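The structure's right below; bear with me while I get my questions together.
The values are calculated or read from the model by the stated rules, or taken from the named source; none is laboratory data. All values derive from a computational prediction rather than experimental measurement. Neighbour counts are summed over all protein chains in view; Cβ atoms, including those assigned to glycine, are modelled from backbone coordinates with ideal geometry. We work out accessible area using only protein heavy atoms, side chains counted, and drop any ligands, DNA or RNA first. Shrake-Rupley method; radii C 1.70, N 1.55, O 1.52, S 1.80 Å.
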There are 2 protein chains.
Amino acid sequence: MKRIVILGATGSIGRQTLDIVRAFPDEFEVVGLAAGNNVELLFEQIDEFHPRHICCISPPDTLPNGIKFTPMEEMVCLEEVDTVMVATMGSVGLMPTLSALKHGKAVALSNKEPIVMGGAIIKDYEARYGGRVLPVDSEPSAIWQCLQGEENEIRRLMITASGGPFRLTPVEDLAQVTPEQALKHPTWQMGKKITIDSATLMNKAFEVIESHWLFGVPLENIEVVVHPQSTIHSMVEFADGSVKAQMGPPDMRLPIQYALFYPKRLSNEMIPRLDLGVCHSLTFEPLEPQRYPCFVLGMEAGRQGGSCPTVLSAADDVAVHSFLDGKIAFTGIPKLVEQVLSEHQRMPGLDPEELLEIDRWATARAKELVKRAL
Amino acid sequence: MKRIVILGATGSIGRQTLDIVRAFPDEFEVVGLAAGNNVELLFEQIDEFHPRHICCISPPDTLPNGIKFTPMEEMVCLEEVDTVMVATMGSVGLMPTLSALKHGKAVALSNKEPIVMGGAIIKDYEARYGGRVLPVDSEPSAIWQCLQGEENEIRRLMITASGGPFRLTPVEDLAQVTPEQALKHPTWQMGKKITIDSATLMNKAFEVIESHWLFGVPLENIEVVVHPQSTIHSMVEFADGSVKAQMGPPDMRLPIQYALFYPKRLSNEMIPRLDLGVCHSLTFEPLEPQRYPCFVLGMEAGRQGGSCPTVLSAADDVAVHSFLDGKIAFTGIPKLVEQVLSEHQRMPGLDPEELLEIDRWATARAKELVKRAL
């Protein structure tokens with residue numbers, strides 16, 4: 001029986017995590033649920049899963065009997081918790097992730113920003129306190145699955161990218177695309193922020209940085225391949241030239257379930273099956289850098305390291321929400337990110353509080369630049 | 001340092017095994033080499049690799065100093081041997097494979113017929129005497145690689161087939177195809193017998209039976225998918241719906257090397273790298289049974305089990321050589337195999353001598369039927 005806390009319980013990954021809990025009711029006890037503003041759904045979840053601890057931005061005056069309001073950083077350290085699903089958004093997940101690792105918990109990490117910002121600290125905490133980060137994102141999960149049982153040198157990671165909804169749009173038309181068009185992801189159903197990051201391929205740069213930290217592979221040995229069908233979730237090439245790939249239907253419940261039951265794989269009727277028997281074609285194309293300037297910026301910030309990925313992710317967060325709110329163009333996203341990055345002087349070896357300070361600076365600066373341009 | 005014996009040293013797999021020995025001279029000692037009639041090449045190999053034991057069909061009157069003529073079944077049991085590469089053809093490999101297993105050796109098995117004929121006995125010997133069969137064939141090797149580190153239930157094996165040179169030939173034209181056309185395999189360079197078996201897809205039925213024994217998966221959970229590019233060598237679907245695939249360039253030295261160094265993977269400049277970065281397309285189609293009657297016969301013989309796969313492989317051997325010699329048509333191969341199978345009464349639970357007796361009967365009967373038809 002796994003005693004679990006879910007941070008971001010009302011978001012897309014949080015709800016799908018509860019789908020897995022629902023499918024295997026004897027395997028889980030939900031100790032705590034944390035949400036943002038969607039208090040209505042949080043209370044439905046409380047009725048169904050009976051956590052003893054909850055957290056949300058504006059708690060109601062009275063809580064149901066036996067339920068305590070517990071801040072996220074405390075909830076993840078509770079004695080009775082063994083697994084924490086971090087499915088929050090942006091930098092919010094950093095401190096709870098570090099707290100959980102410090103207390104030796106298994107952290108299923110869906111929220112990319114904590115590891116993009118604080119990869120070095122997370123790896124250090126894992127080594128020092130015995131907690132462990134388990135990938136949830138489908139691409140790092142694919143790599144993790146391919147590495148099972150392999151003590152062998154990794155020659156190259158190949159992360160696949162669908163290419164997003166504008167893979168075939170003339171580059172000169174990208175300035176005119178609307179949020180509605182950008183939210184139509186060709187293969188995956190996800191939250192709004194990550195869907196836009198998938199259209200700009202910023203998300204892929206985040207995954208490259210995440211995989212670098214999770215699997216200890218140098219950035220120059222991580223390649224991104226455009227694979228519009230999203231059937232192969234990622235690949236690993238070993239020293240001998242053999243390549244392993246992990247495939248599956250585009251359903252996040254599969255990697256969520258893998259992280260929660262690792263190393264066991266359980267049958268779950270909910271998850272559709274992959275069918276290659278019907279005529280099927282998997283295609284691969286090189287990534288066009290001029291189409292995806294966010295990816296180029298992201299990779300450069302990743303290579304710079306230190307404080308740069310924090311500035312990258314904070315500026316991107318503001319840029320994506322400004323685009324969704326109609327304040328900037330789609331092509332304004334990389335411009336804003338580039339501007340904030342250019343105003344920042346890289347700092348190495350920071351502690352979590354310093355990273356959050358930089359995160360606040362980059363967020364404020366990006367918002368100011370958006371306001372000024374309006 | 002691995003002390004190795006190679007049976008079938010002058011054939012395609014034998015020569016490629018020696019390529020691996022040549023690439024890693026400090027890792028191997030060649031204890032013995034066995035060949036058929038290609039004595040000239042065998043003597044070149046003796047000069048280069050200095051085995052102490054050799055075997056061939058017609059040994060010359062005098063042997064170089066310090067070299068002994070040792071029958072295959074004895075060579076594989078020598079105290080100083082730890083790994084045996086069985087790269088012989090047809091039923092010839094059965095007895096040496098069993099001898100090696102009986103003496104606790106690792107058997108890298110490239111020759112499919114021993115396990116197609118004697119899968120039950122081989123598994124029994126592995127369990128009783130502690131020897132181990134290591135797959136060499138690219139498809140079973142792919143499955144083996146995908147299973148590393150997985151203690152999980154296998155839902156399905158998906159073995160890929162190129163479809164051979166006649167995948168798009170109108171079925172009614174198959175009676176007229178020549179040996180020259182059939183020997184042009186679209187993706188792999190192999191020996192003649194296996195190239196024809198790849199054109200009829202008999203080879204795929206052999207691989208299904210082989211994989212059934214090697215991995216303990218019921219035949220009904222093994223599927224064959226036509227994948228003309230031969231980039232994905234095979235796939236495994238686990239209980240949770242996740243699919244792992246192994247890919248690589250079509251170069252047999254990769255699976256040979258994997259079997260020899262298992263579980264280690266060593267870098268080898270000789271082996272080309274897979275490049276998916278250039279525009280690339282992997283396609284999958286269902287297998288058309290009416291195009292591949294040998295596959296249908298093979299699967300049926302596999303399901304029957306007992307003595308039937310022995311009759312299948314013996315009759316196929318005669319049929320393929322008769323086709324290569326211009327004695328029967330390409331479409332005569334399944335007809336001959338079907339006729340011999342229909343004259344045989346299935347027998348269960350046979351010992352190796354009884355299997356070889358049936359092999360001899362089926363061989364003689366198939367030859368008689370070819371002669372009678374001429």
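Residues in region A:72-84: is at least one more than 25 Å from A:GLN16 (Cβ to Cβ), part of a strand (DSSP E or B) and either open to solvent by 80 Å² or more (accessible area, probe 1.4 Å) or among the small types (Gly, Ala, Ser) (or both)?
No, every residue in region A:72-84 fails to be more than 25 Å from A:GLN16 (Cβ to Cβ), part of a strand (DSSP E or B) and either open to solvent by 80 Å² or more (accessible area, probe 1.4 Å) or among the small types (Gly, Ala, Ser) (or both).
Let me ask something else about it. Would you pick out the residues in region A:14-26 that are under 19 Å from A:ASP82 (Cβ atoms) and buried (at least 18 other Cβ atoms within 10 Å of the Cβ)?
Scanning region A:14-26 gives A:GLY14, A:THR17, A:LEU18, A:ILE20, A:VAL21.
Of all residues in region A:120-154, how many are in contact with a helix residue (DSSP H, G or I) (Cβ under 9 Å, 6 or more places away or on another chain), within 14 Å of chain B (Cβ to nearest Cβ) and free of Cβ contacts under 8 Å to residues at least 24 places away in the same chain?
Number satisfying all stated conditions: 1.
Right, something else. Could you go through region B:171-191 and let me know if any residue there is within 26 Å of B:LEU282 (Cα to Cα), of a type in the set (Val, Ile, Thr), out of contact with any Lys or Arg (no Cβ under 6 Å at 6 or more places or on another chain) and assigned by TED's automatic domain parsing to the domain that holds B:GLU338.
yes
Can you confirm whether region B:256-277 contains a residue that is more than 18 Å from A:ASN152 (Cβ to Cβ), facing chain A (nearest Cβ under 7 Å) and either in contact with a Pro (Cβ under 6 Å, 6 or more places away or on another chain) or not charged (D, E, K, R) (or both)?
yes
Something else: So in region A:208-217, with the set limited to residues that are under 18 Å from A:GLU113 (Cβ atoms) and open to solvent by 10 Å² or more (accessible area, probe 1.4 Å), which one is nearest to the other protein chains (Cβ to nearest Cβ)? Outline the logic, then answer.
From region A:208-217, those under 18 Å from A:GLU113 (Cβ atoms) are A:208-214; that's our starting set.
With the extra rule that they be open to solvent by 10 Å² or more (accessible area, probe 1.4 Å), the set shrinks to A:212-214.
Working: A:HIS212: 19, A:TRP213: 21, A:LEU214: 17 Å.
Result: A:LEU214.
From the list A:ARG155, A:ARG132, exactly one residue is basic (Lys, Arg) and within 27 Å of A:ASP240 (Cβ to Cβ). Which is it?
Numbers: A:ARG132 fails: within 27 Å of A:ASP240 (Cβ to Cβ).
Sole residue among the options that is basic (Lys, Arg) and within 27 Å of A:ASP240 (Cβ to Cβ): A:ARG155.
Return the pair list, or none, for Cβ contacts closer than 6 Å from residues in region A:290-304 that are open to solvent by 30 Å² or more (accessible area, probe 1.4 Å) to residues that are outside any helix (DSSP H, G or I), at least 6 apart or on different chains.
Every condition considered, the pairs that remain are A:VAL296/A:PRO289; A:GLN304/A:ARG346.
Here is a further query. Restricting to region B:101-114, give me the number of residues that are touching a residue at least 40 places away in the same chain (Cβ under 8 Å) and part of a helix (DSSP H, G or I).
Narrowing region B:101-114 to residues touching a residue at least 40 places away in the same chain (Cβ under 8 Å): B:108, B:110-113.
When the remaining residues are screened for being part of a helix (DSSP H, G or I), the result is B:113.
Number of matching residues: 1.
Shifting gears a bit: Considering every residue within region B:171-188, establish whether at least one is part of a strand (DSSP E or B), of a type outside the set (A, V, I, L, M) and open to solvent by 40 Å² or more (accessible area, probe 1.4 Å). Lay out the reasoning, then the answer.
We begin by selecting, within region B:171-188, every residue part of a strand (DSSP E or B); these are none.
Scanning region B:171-188 turns up no residue that is part of a strand (DSSP E or B), of a type outside the set (A, V, I, L, M) and open to solvent by 40 Å² or more (accessible area, probe 1.4 Å).
Moving on to the next point. For the structure I just gave you, tell me whether B:MET117 is within 12 Å of chain A (Cβ to nearest Cβ) and either in contact with a strand residue (DSSP E or B) (Cβ under 7 Å, 6 or more places away or on another chain) or in contact (Cβ under 8 Å) with a residue 60 or more places away in the chain (or both).
When the stated conditions are applied, B:MET117 does not pass them.
Touching a Leu at 6+ places or on another chain (Cβ under 7 Å) and away from chain A (no Cβ under 14 Å), is that true of B:LYS184?
no
Something else: Can you tell me which residue in region B:278-325 is nearest to the other protein chains (Cβ to nearest Cβ), limited to those that are β-branched (Val, Ile, Thr) and more than 19 Å from the chain's Cα centre (by Cα)?
My answer is B:THR283.
Considering region B:218-247 alone, what residues qualify as being more than 9 Å from every other protein chain (Cβ to nearest Cβ), assigned to a strand (DSSP E or B) and either open to solvent by 20 Å² or more (accessible area, probe 1.4 Å) or among the acidic types (Asp, Glu) (or both)?
B:VAL224, the sole residue that qualifies.
Follow-up. Under 6 Å between Cβ atoms, at least 6 apart or on separate chains: pull out the pairs that start in region B:360-374 with a residue that is under 14 Å from B:ASP317 (Cβ atoms) and end on any residue that is open to solvent by 40 Å² or more (accessible area, probe 1.4 Å) and among the basic types (Lys, Arg).
Every condition considered, the pairs that remain are B:VAL370/B:LYS327.
Taking region B:333-359 as the search range and keeping residues that are of a type outside the set (S, T, N, Q), out of contact with any helix residue (DSSP H, G or I) (no Cβ under 8 Å at 6 or more places or on another chain) and open to solvent by 90 Å² or more (accessible area, probe 1.4 Å), which one is nearest to B:ASP197 (Cα to Cα)?
Checking each candidate, the answer is B:LYS335.
Can I ask one more? Considering (1) of a type in the set (Ser, Thr, Tyr); (2) away from chain B (no Cβ under 14 Å); (3) touching a helix residue (DSSP H, G or I) at 6+ places or on another chain (Cβ under 9 Å), say which one A:THR178 fails and leave the rest.
The one condition A:THR178 does not meet is (3).
Okay, residues lined up against (1) more than 17 Å from the chain's Cα centre (by Cα); (2) of a type in the set (D, E, K, R):
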residue	(1), (2)
A:ILE57	yes, no
A:ASP61	yes, yes
A:LYS68	yes, yes
A:CYS77	yes, no
A:VAL86	no, no
A:GLY90	no, no
A:LEU94	no, no
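May I pose another question? Just name the residue that is nearest to B:PRO96 (Cα to Cα) out of those in region B:1-13 that are touching a residue at least 60 places away in the same chain (Cβ under 8 Å) and either open to solvent by 10 Å² or more (accessible area, probe 1.4 Å) or of a type outside the set (Val, Ile, Thr) (or both). Let's see the steps before the verdict.
Going residue by residue through region B:1-13, those that are touching a residue at least 60 places away in the same chain (Cβ under 8 Å) are B:2-9, B:11-13.
Restricting the remaining residues to those that are either open to solvent by 10 Å² or more (accessible area, probe 1.4 Å) or of a type outside the set (Val, Ile, Thr) (or both) gives B:2-3, B:7-9, B:11-13.
Values: B:LYS2: 19, B:ARG3: 17, B:LEU7: 9, B:GLY8: 12, B:ALA9: 14, B:GLY11: 17, B:SER12: 19, B:ILE13: 17 Å.
Per the stated criteria, the residue is B:LEU7.
Can you tell me which residue in region A:239-253 is farthest from the chain's Cα centre (by Cα), limited to those that are farther than 14 Å from B:ALA245 by Cβ and in contact (Cβ under 8 Å) with a residue 40 or more places away in the chain?
So the first thing to find is which residues in region A:239-253 are farther than 14 Å from B:ALA245 by Cβ, and the list is A:239-241, A:249-253.
Narrowing the set further to residues that are in contact (Cβ under 8 Å) with a residue 40 or more places away in the chain leaves A:239-241, A:250, A:252-253.
Details: A:ALA239: 28, A:ASP240: 31, A:GLY241: 29, A:PRO250: 15, A:MET252: 12, A:ARG253: 14 Å.
So, considering only residues that are farther than 14 Å from B:ALA245 by Cβ and in contact (Cβ under 8 Å) with a residue 40 or more places away in the chain, the one farthest from the chain's Cα centre (by Cα) is A:ASP240.
Restrict the check to region B:98-121 and report whether at least one residue is in contact with a His (Cβ under 8 Å, 6 or more places away or on another chain), assigned by TED's automatic domain parsing to the domain that holds B:GLU73 and closer than 25 Å to B:ALA34 by Cβ.
Yes.
Output the number of the condition that A:PHE323 fails; it satisfies all remaining conditions of (1) under 26 Å from A:PHE166 (Cα atoms); (2) aromatic (Phe, Trp, Tyr); (3) open to solvent by 40 Å² or more (accessible area, probe 1.4 Å).
Going through the list (1) under 26 Å from A:PHE166 (Cα atoms); (2) aromatic (Phe, Trp, Tyr); (3) open to solvent by 40 Å² or more (accessible area, probe 1.4 Å), A:PHE323 breaks only (3).
To continue, here is another question. Any idea which residue in region B:189-207 is farthest from the chain's Cα centre (by Cα), counting only those that are surrounded by fewer than 17 Cβ atoms within 10 Å (Cβ to Cβ) and part of a loop (DSSP other than H, G, I, E, B)? Give the derivation first.
Keep residues of region B:189-207 that are surrounded by fewer than 17 Cβ atoms within 10 Å (Cβ to Cβ), which gives B:189, B:191-192.
This time we only want the ones that are part of a loop (DSSP other than H, G, I, E, B), so: B:189, B:191.
Values: B:GLN189: 14, B:GLY191: 11 Å.
Applying the filter and picking the extreme gives B:GLN189.
Additional query: Could you grab me the full set of residues in region B:134-170 that are assigned to a helix (DSSP H, G or I) and hydroxyl-bearing (Ser, Thr, Tyr)?
First pass over region B:134-170, keeping only residues assigned to a helix (DSSP H, G or I): B:138-147.
B:SER138, B:SER141 - these are the residues of region B:134-170 that are assigned to a helix (DSSP H, G or I) and hydroxyl-bearing (Ser, Thr, Tyr).
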